[in-house]
Amino acid sequence: MRIALRFLPALLWMGVIYRTSATPGLKSVPLVQRVGLLPSDLDPATLNLLELLIRKSAHLLSYALLAWLLLWALSAVLGRRQALWTAFGLTLLYAASDELHQAFVPMREGRLTDVLIDAAGAALGLGAAFWRAASPLRSSIWWKAMLTRILLWFLGRGICACAALDSRVQAEVHGWADGVRIMMEVDPSGPAMALEKRGGRLRFLGVREVVPADLVIAFKHLDGALPVLLGLVSVARGYAERRMTMRGDIAFGMSVVRVMLLVEAYLFPGLITRRIMQRVPAREVSMARIYLSTLLAPHGR
């Protein structure tokens with residue numbers, strides 16, 4: 001079961017890629033403009049150039065991440081070299097199937113050149129992973145730390161997305177003092193993620209430590225953090241099993257935990273939340289809207 005669950009991040013990322021590809025006539029630049037990352041008065045030539053650069057960069061990075069996630073999952077059941085080539089083959093197969101799928105989506109088209117870009121992205125991701133994991137003694141820790149960084153980034157931005165779109169999270173955040181800082185970290189000297197309420201809005205400070213922090217939620221080690229961040233164990237159970245500790249005001253901490261329980265219902269599919277939570281909170285907005293805000297909105301501003 002644990003080995004099967006290692007494939008969950010790769011499958012979720014495949015779903016994100018599929019959902020994006022299934023959107024007819026999706027344009028990247030208007031989305032980026034909508035969240036305020038680009039000015040709205042660009043000339044057509046600049047728009048076309050930016051559209052090309054953003055789309056091709058998205059192809060490269062999306063499939064680099066997919067190959068990396070597949071390699072991480074496959075390394076539990078295969079030797080390193082076999083896992084490397086299998087991850088590359090599966091990534092290339094999915095890239096080809098995705099371009100074939102786009103050929104049947106209105107206002108989209110499948111391109112062989114995009115498959116080649118995807119293959120380059122896969123090679124880039126696997127090459128980076130192979131280089132970083134060259135030392136067998138450090139490889140396991142490096143994989144876990146990198147995955148934890150990705151998950152903390154997604155969780156931090158997901159909390160900010162829910163604070164902007166869910167009225168229950170908004171009500172909790174409204175009661176927090178302006179300027180308050182929250183940090184989630186992994187001891188000893190592991191990855192960390194920080195949030196701050198500023199100007200009445202919750203902001204993502206990045207995957208880094210902040211000093212001082214008004215509330216610190218600390219996992220005791222990477223092996224304790226990953227089951228919670230992957231949705232294998234609920235936040236409530238994580239506290240009950242003493243995987244994590246809290247330093248700061250208890251009442252404020254309980255408010256943060258209530259927010260995290262609501263966020264879990266958005267970030268994880270119903271199949272997972274029904275298994276790890278006694279009562280799953282209803283969603284006020286769609287998961288797709290939360291995911292889009294998590295990935296694209298400027299939560300750090």
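Quick look at the values:
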item: Selected residue (only one of 258, 283, 279 is open to solvent by 30 Å² or more (accessible area, probe 1.4 Å) and not in a loop (DSSP other than H, G, I, E, B)); result: 258
item: Which listed residue, of 237, 247, 242, 274, is surrounded by fewer than 17 Cβ atoms within 10 Å (Cβ to Cβ), out of contact with any Asp or Glu (no Cβ under 6 Å at 6 or more places or on another chain) and in a loop (DSSP other than H, G, I, E, B); result: 242
item: Condition met for residue 218 (in a helix (DSSP H, G or I), at pLDDT 90 or above, closer than 30 Å to residue 3 by Cα and open to solvent by less than 20 Å² (accessible area, probe 1.4 Å)); result: no
item: Set 139, 135: member being modelled with pLDDT under 80, more than 16 Å from residue 17 (Cβ to Cβ), surrounded by 12 or more Cβ atoms within 10 Å (Cβ to Cβ) and among the polar types (S, T, N, Q); result: 139
item: Where a residue in segment 153-167 is farther than 9 Å from residue 294 by Cβ and its partner, wherever it lies, is of a type in the set (Asp, Glu), with Cβ under 6 Å and at least six apart; result: 166/284
item: Residue that is nearest to residue 118 (Cα to Cα), among those in segment 67-94 that are open to solvent by less than 30 Å² (accessible area, probe 1.4 Å) and touching a residue at least 40 places away in the same chain (Cβ under 8 Å); result: 67
item: Close pairs from segment 169-185: first without any contact (Cβ under 8 Å) to a residue 60 or more places away in the chain, partner surrounded by 12 or more Cβ atoms within 10 Å (Cβ to Cβ) and assigned to a helix (DSSP H, G or I), Cβ under 7 Å, at least 6 apart; result: 170/163; 184/152
item: For residue 299: the one exception among (1) surrounded by fewer than 19 Cβ atoms within 10 Å (Cβ to Cβ); (2) assigned to a loop (DSSP other than H, G, I, E, B); result: (1)
item: Candidates 206, 224, 179, filtered to the one that is out of contact with any Leu (no Cβ under 9 Å at 6 or more places or on another chain) and open to solvent by 20 Å² or more (accessible area, probe 1.4 Å); result: 179
item: Filter pass, residue 36 being open to solvent by less than 50 Å² (accessible area, probe 1.4 Å), modelled with pLDDT under 85, over 30 Å from residue 129 (Cα atoms) and assigned to a loop (DSSP other than H, G, I, E, B); result: yes
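Residue-wise test of (1) at pLDDT 75 or above; (2) of a type in the set (D, E, K, R).
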| site | (1), (2) |
| --- | --- |
| 26 | no, no |
| 43 | no, yes |
| 46 | no, no |
| 55 | no, yes |
| 71 | yes, no |
| 83 | yes, no |
| 87 | yes, no |
| 96 | yes, no |
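The values are calculated or read from the model by the stated rules, or taken from the named source; none is laboratory data. All values reported here derive from a predicted model rather than from experimental measurement. Counting neighbours? That spans all protein chains shown, and the Cβs are built from the backbone with ideal geometry, glycine included. The area values use the complete protein model at the heavy-atom level, side chains included, leaving out ligands, DNA and RNA. Shrake-Rupley method; radii C 1.70, N 1.55, O 1.52, S 1.80 Å.
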